[in-house]
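Bear in mind these aren't lab numbers, they're just calculated from the coordinates by the rules spelled out. Owing to the predicted nature of the structure, the values given are computational and were not obtained by experimental measurement. Neighbour counts are summed over all protein chains in view; Cβ atoms, including those assigned to glycine, are modelled from backbone coordinates with ideal geometry.
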There are 2 protein chains.
Amino acid sequence: MSNSKIGLYYKNVMADIIGSEHGITSQQMDDLAKETAPLISKLNAERNEGKTPYRDLPYKTEISQDVQDLASRFEEECENLVVLGIGGSALGSIALQTALNPYMYNLDSVQREGPRLFVFDNVDPQQFGSFLDWTSDKLEKTVFNVISKSGRTSETAAQFMIVCQMLSDILGAESLRDHVVATTDAKKGTLRTITDELRLRCLEVPDGVGGRFSVLSAVGLFSAAMCGIDIDLLLEGARDMDKRVSDTNFSQNPAAINAAIQHHFYNRGKNISVMMPYCYALKDLCDWYRQLWAESLGKEVNLKGEKVFVGPTPVKALGTTDQHSQVQLYREGPNDKLFTFLQVDNFDKDIEISPAPDCAPELGFLAGANLSRLLNSEKAATEYALLQSKRPCLTVHFDKVDAYSVGQFIYLYEVTTSFAGALFDINPYDQPAVELGKEATFALMGHPDYQDLAAKIQPVNNIDEKFMV
Amino acid sequence: MSNSKIGLYYKNVMADIIGSEHGITSQQMDDLAKETAPLISKLNAERNEGKTPYRDLPYKTEISQDVQDLASRFEEECENLVVLGIGGSALGSIALQTALNPYMYNLDSVQREGPRLFVFDNVDPQQFGSFLDWTSDKLEKTVFNVISKSGRTSETAAQFMIVCQMLSDILGAESLRDHVVATTDAKKGTLRTITDELRLRCLEVPDGVGGRFSVLSAVGLFSAAMCGIDIDLLLEGARDMDKRVSDTNFSQNPAAINAAIQHHFYNRGKNISVMMPYCYALKDLCDWYRQLWAESLGKEVNLKGEKVFVGPTPVKALGTTDQHSQVQLYREGPNDKLFTFLQVDNFDKDIEISPAPDCAPELGFLAGANLSRLLNSEKAATEYALLQSKRPCLTVHFDKVDAYSVGQFIYLYEVTTSFAGALFDINPYDQPAVELGKEATFALMGHPDYQDLAAKIQPVNNIDEKFMV
């Protein structure tokens with residue numbers, strides 16, 4: 001149990017702070033409440049009808065038990081865990097690891113309590129090759145977790161075929177059983193067939209849950225459990241947030257308020273939504289959010305079948321780093337952004353700034369303060385500067401960063417996405433536009449079923465030297 | 001010498017490909033040429049008058065000599081190099097390292113020919129603390145390169161004060177001379193004073209070159225040289241690109257064409273500029289570009305003194321990873337983006353995809369192909385899908401990724417930024433909006449000179465519980 005509650009602070013989007021040209025007046029906020037409140041009951045009803053199974057993942061204690069049982073089998077002998085997956089099969093694992101384990105985890109055996117973790121969500125031959133060179137003499141102590149609902153995702157399939165061959169060549173074909181965990185559909189699909197045929201250890205990708213909503217299933221939990229993260233506490237955080245985001249009182253519901261504000265500003269021409277944590281550990285939650293937000297809300301057609309071409313563009317920034325990169329634009333560029341800061345009130349570890357050299361008394365004001373105070377002062381200063389430029393700012397406050405607060409955050413943003421989908425009047429759970437690119441890849445890789453498409457792509461793919469400079 | 005030339009391919013922004021509602025017609029391209037061509041002579045003249053000293057950095061062979069001389073002093077005994085800097089003092093170092101050294105460089109002593117490299121561009125106590133815990137018993141073999149023009153950047157100053165104390169405590173005050181390299185102003189400023197007082201080894205931040213244009217000075221070159229990167233070849237690439245971007249023939253000048261296209265689409269409502277490399281090694285060049293583009297072009301006031309609030313928002317994406325995260329939005333969301341792919345035609349290292357398991361013949365089409373073919377097919381497929389959705393796409397082609405091509409790329413984008421600044425009619429070399437945040441940080445840290453400001457910030461900084469949910 002933990003009481004590290006997170007909270008959404010939204011005063012700094014209000015007209016009282018940044019003026020009515022860019023801020024939300026009290027009247028507008030009342031209108032947002034009226035528009036959004038009925039959606040809370042609607043989403044609760046959909047959830048009760050089983051239409052949004054991601055909502056129930058935090059209650060599936062049997063999943064976390066399976067995950068932990070499997071993880072404990074590897075406890076002794078695994079020194080390197082390698083996740084092969086992409087999109088929703090990778091971003092949750094990366095986010096949890098960065099959030100909840102030390103920065104030097106992979107490099108410092110003293111600071112880690114599980115295997116090193118590598119997540120490969122790409123097919124770059126130099127990157128993957130560099131890793132395979134390193135790992136080839138460490139395979140005895142390496143476990144690969146291949147994650148794909150269907151097994152037909154080209155990137156993951158290619159990686160997996162290479163890894164299986166390497167394991168067979170070096171450790172023998174029988175080694176796959178001890179060195180591969182397949183996370184895939186319970187019943188059907190290519191990876192399920194392979195898993196059954198090769199009798200691989202496996203976990204399930206739950207039915208009806210899109211990749212981007214799957215982090216609280218075995219998809220995200222296995223690597224977390226292997227690396228010593230308290231997945232029960234993570235799920236407890238999500239369950240506790242579930243109570244808050246199911247509250248039919250709009251003014252008490254952080255997901256409804258967050259979605260209403262995001263949707264409102266999008267309609268006022270702010271097509272960019274920046275998430276900017278002032279905490280290194282939270283930075284990869286932004287990439288998880290980028291997928292959740294972009295793939296769920298970027299839609300051509302609404303539920304009435306009308307062409308709408310909507311969707312805010314999520315942008316990742318990091319404080320203080322990006323103050324020295326993006327804040328000039330954020331303050332003086334077009335007022336086309338809504339900012340969401342993530343702020344941590346208590347850091348587990350702190351460092352006192354040492355005295356200034358005698359010859360530089362101008363640095364004396366820093367001496368004796370903790371780095372966390374400097375970091376949070378930079379956040380307050382940046383927010384102040386943005387407010388002076390009339391830019392709307394939200395803050396998600398973390399009492400501290402632990403599995404409990406991260407579980408809350410994940411669930412808050414998942415349900416915020418459902419609310420935003422309802423406000424945009426689109427289906428937030430599909431991704432129809434991804435299909436053409438997948439088919440075009442099949443075509444260009446010579447797949448016999450897609451040769452008509454290959455003929456169509458070729459003219460676009462050929463270089464016309466007239467336009468090369 | 002290398003002949004790995006880079007080229008800008010722009011056919012897929014043309015109306016012939018994506019239609020005239022979102023594409024550029026031949027007539028419009030002619031107009032862009034007329035508008036932009038005179039700026040080439042103007043920029044060349046400014047450069048000859050010494051107004052853009054960054055343009056001359058690739059010719060300063062004495063700098064690269066100094067850098068290499070200093071690097072060679074540490075060759076034997078340095079196992080860890082730590083850069084302390086932020087913004088332009090960090091992003092170039094990170095970009096060069098990711099681009100030109102192996103993915104597993106820090107973890108695999110076999111794959112590296114220099115010290116491990118760590119760049120700290122933040123003041124997160126957990127992140128920095130995790131590193132200090134690891135490094136505290138390795139200080140004998142650790143060198144810190146502190147980079148700041150003035151020495152008054154709070155983040156870098158705080159880090160440096162902590163590190164100096166740690167070195168003094170563990171290795172003795174005299175150790176600073178052997179474990180610190182200060183890169184700072186040649187004559188004035190806080191870090192210059194400290195450097196002289198403590199007789200630290202030092203390198204120069206050149207005069208008149210903003211941080212974001214400084215990667216080809218000692219700022220970016222020292223860590224690169226230490227880590228075995230061929231900095232002479234990097235500068236040669238930049239010099240060879242200089243010839244191309246100085247060409248007064250618009251149709252032969254990739255920087256002028258790139259800037260003209262970027263500016264044109266911004267004015268047609270595409271306020272987001274996405275850079276999406278299909279190569280892991282190039283990914284951190286996107287963060288370098290994000291600063292260059294955002295801080296240079298995000299401006300409230302134009303050269304006539306009129307309020308304009310302009311500036312495209314640069315966004316980093318990575319192929320194929322972000323196909324499974326952002327491409328749904330990129331195809332179906334609002335047509336508010338210009339895409340720039342980075343494509344590598346030849347990878348130094350490649351991996352053949354192994355045979356599919358017998359039970360999964362549907363994966364057979366992948367077997368036997370190289371990963372680089374899959375990666376580039378994914379790029380072509382994604383571009384094809386975007387073009388079907390009428391989204392404009394540029395591609396920067398790299399024959400291969402080496403110091404020569406990366407040097408070209410850096411110089412191309414620096415000069416593109418100068419052209420874009422001229423087209424937007426703003427000053428691309430200042431960053432006036434950053435100042436208020438710096439002063440507000442001083443105020444919140446209790447600096448005696450800024451207490452009036454602290455009083456103004458306090459009301460914004462206090463939590464109003466009514467808006468916390």
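Below is a table of values for the structure above.
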| quantity | calculated |
| --- | --- |
| Built amide H within the under 5 Å cut-off of B:SER354, gap 5+ | A:ILE162, B:GLY368 |
| Chain A: calculated mean residue ellipticity at 222 nm from DSSP helix runs of at least 4, using -39500 (n - 2.57) | -14500 deg cm²/dmol |
| Rounded Å value of the spacing that divides the Cα centres of the range B:262-334 and the range A:122-168 | 32 |
| Per-residue average of Cβ from other chains inside 10 Å of A:357-370 | 6 |
| In sequence order, calculated HN-Hα J values of the range B:337-352 (Karplus, 6.51, -1.76, 1.60; Hz; x Gly/Pro) | 9, 10, 9, 10, 7, 10, 10, 10, 7, 9, 8, 4, 10, 9, 9, 7 |
| Calculated P(r) of the range A:178-335 - Cα pairs past 26 Å, % | 47 |
| Whole-Hz couplings from phi, Karplus 6.51/-1.76/1.60, listed for the range B:50-67; x for Gly and Pro | x, 7, 10, x, 4, 4, 9, 4, x, 9, 7, 5, 5, 5, 5, 5, 4, 4 |
| Integer Hz, Karplus 6.51/-1.76/1.60 couplings in order for the range A:75-92, x for Gly and Pro | 3, 6, 9, 8, 9, 9, 10, 10, 8, 10, x, 8, x, x, 8, 10, 5, x |
| Estimated distance in nm for a label pair at A:ARG239 and B:ASP30, the labels positioned 7 Å out from Cα along Cα-to-Cβ | 7.2 |
| Sites A:ASP399 and A:GLN458, calculated FRET efficiency, Cβ-Cβ separation with R0 41 Å, nearest 0.05 | 0.15 |
| Computed over the protein assembly as shown, Cα set: Rg, Dmax in Å | 26.6, 75 |
| Per residue, the convex hull volume that the Cα atoms of the range A:55-229 enclose (Å³) | 109 |
| Qualifying chymotrypsin sites (Phe, Trp or Tyr not before Pro) in the range B:327-376, DSSP loop, other Cβ atoms within 10 Å at most 14 | none |
| Order by protection proxy (mean Cβ within 10 Å, highest first), peptides A:82-90, A:452-460 | A:82-90, A:452-460 |
| Cross-link table B:LYS5/B:LYS42; A:LYS466/B:LYS307; B:LYS283/B:LYS390; A:LYS5/B:LYS283; B:LYS11/B:LYS316; A:LYS304/B:LYS270, entries beyond 31 Å C-alpha to C-alpha | A:LYS466/B:LYS307; A:LYS5/B:LYS283 |
| Amide H contacts of B:ASN145 (H built 1.01 Å from N, under 5 Å, at least 5 apart or other chain) | B:VAL82, B:VAL83, B:LEU84, B:VAL181 |
| Radius 10 Å from Cβ of A:LEU371, net charge of other residues (Lys, Arg +1; Asp, Glu -1) | -2 |
| In nm, spacing of pseudo-spin labels at A:MET468 and A:SER41 (7 Å Cα→C-beta vector) | 6.4 |
| Debye log10 I(q)/I(0) at q = 0.12 Å⁻¹ for chain A, Cα point scatterers | -1.15 |
| In the range A:264-355, the GluC sites (Glu not before Pro) that fall in loop regions by DSSP, at most 11 other Cβ within 10 Å | A:GLU306 |
| Long-range HN-HN contacts of A:ASP348 with modeled amide H, under 5 Å | A:VAL401 |
| Antiparallel DSSP beta bridges within chain B, percent to nearest 5 | 15 |
| Added length on full extension, which subtracts the Cα-Cα distance from 0.36 nm per residue, A:ASP56 to A:LYS187 | 45.1 nm |
| Relative contact order for chain A, counting Cα pairs under 8 Å that sit 6 or more residues apart, in percent | 22 |
| Cross-link reach list, lysines versus A:LYS149, counting only Cα pairs under 21 Å and skipping chain neighbours closer than eight places | A:LYS51, A:LYS60, A:LYS187, A:LYS188, A:LYS438 |
| Near-label residues of the range A:345-363 by backbone N, under 11 Å of a point 7 Å along Cα→Cβ of B:ASP449 | A:362-363 |
| Cβ-Cβ FRET estimate between A:VAL301 and A:THR248, R0 fixed at 45 Å, reported to 0.05 | 0.95 |
| Between the range A:69-90 and the range B:352-394, the alpha-carbon center distance in angstrom | 26 |
